[in-house]
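Comments concern the structure below.
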Amino acid sequence: MPAHSPKSRNREPKGGGRLEFLVAGRPPGLLQRGASPEPPSPRHRAVQQLEAAAAGTAGFRRDSGSGLYSCPQPEEDCMKLNPSLLGIALRSLLAIDLWLSKRLGVCATEDSAWGSARPIMKLIEVSGHGIPWIGGTLYCLCKSDSTAGHEVLLNLLLALILDLVLVGIVKSLVRRRRPSHNKMDMFATFSVDRYSFPSGHATRAALGGRFFLNHLVLAIPLRILIVLWVCIVGLSRVMLGRHNVTDVVCGFIMGYLQYSLVEYMWLSSSNLQTFLRLCGLK
């Protein structure tokens, strides 16, 4: 029997034994070419040009391999996605500061948890204000008749003026807003008092407390009262909603350092006589 009958020869596929399958909608010649795709139509090219123009306007880049568009991330976004350890620590500290200040602002308004104690807190606020301090120092300076008293009081006056200047400069530079729950009914405010950092009452309390403890001969109960007054003044700023906790803490540190500067620039009795002579007070 012959190896190939006429029927078997008719069943053999054309093309040397290869099977050829037809894809719906595509002629067989296109399958044999394989690597040469169908050229895009003019309408398709117009659509691609419009997409490329729109993507270029929006800042997108097209991937040559996949043909997809991707938006490049600016450097600022990359830095935000990869924050440093210091940035995370500062943001966490700020969040804790705001949360704790909100919780401690129990006298911020009359409707607060301790709203009935608000008048007492406002009285403590006045005791740490700059106007009573400067006015009282000037009055005592005029009434004093001893050289030692003039020396101490004049240096205290210069320390208070220095405190006002430095706190005003720092507030103008930092420009931190007061807490949102603060009620703007403060005693004798100025333009820089709309800012929160640092607390001027805290700097003045720390400066004055350290000044009195070092230059006045006081009994132990009075020294304890001065320390308590300094702490209560700082606490009242947070309870009234005037400042955040970090404003008061940094204010204490700043007032403590200001006293060291005053000690370094201290006017002695001889320098005091020259100063009074130049001012025409003596």
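Sorted by accessible area (1.4 Å probe), largest first, how do L94, L166, L123, L156 line up?
Numbers: L94 90, L166 55, L123 125, L156 10 Å².
Accessible-area ranking of L94, L166, L123, L156, largest first: L123, L94, L166, L156.
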Would you please put 238-246, 263-271 in order of how densely packed they are, using the mean number of other Cβ atoms within 10 angstrom per residue and starting with the highest?
238-246, 263-271
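Computing the accessible area with a 1.4 Å probe over protein heavy atoms, can you report the carbon and sulfur percentage for region 116-279?
Details: 6050 of 8380 Å².
Accessible surface attributable to carbon and sulfur in region 116-279 totals 72 percent.
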What's the ranking of 253-260, 184-191 by average number of surrounding C-beta atoms within 10 Å, highest first?
253-260, 184-191
Residues of region 111-188: accessible area per residue at 1.4 Å, in Å²?
56 Å²
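The values are calculated or read from the model by the stated rules, or taken from the named source; none is laboratory data. Predicted model only: the values in this text are computed from it and were never measured. Cβ: placed from backbone, ideal geometry, glycine included. Neighbour counts: every protein chain shown. These accessible areas exclude ligands, DNA and RNA; they are computed on the full protein's heavy atoms, side chains included. Shrake-Rupley method; radii C 1.70, N 1.55, O 1.52, S 1.80 Å.
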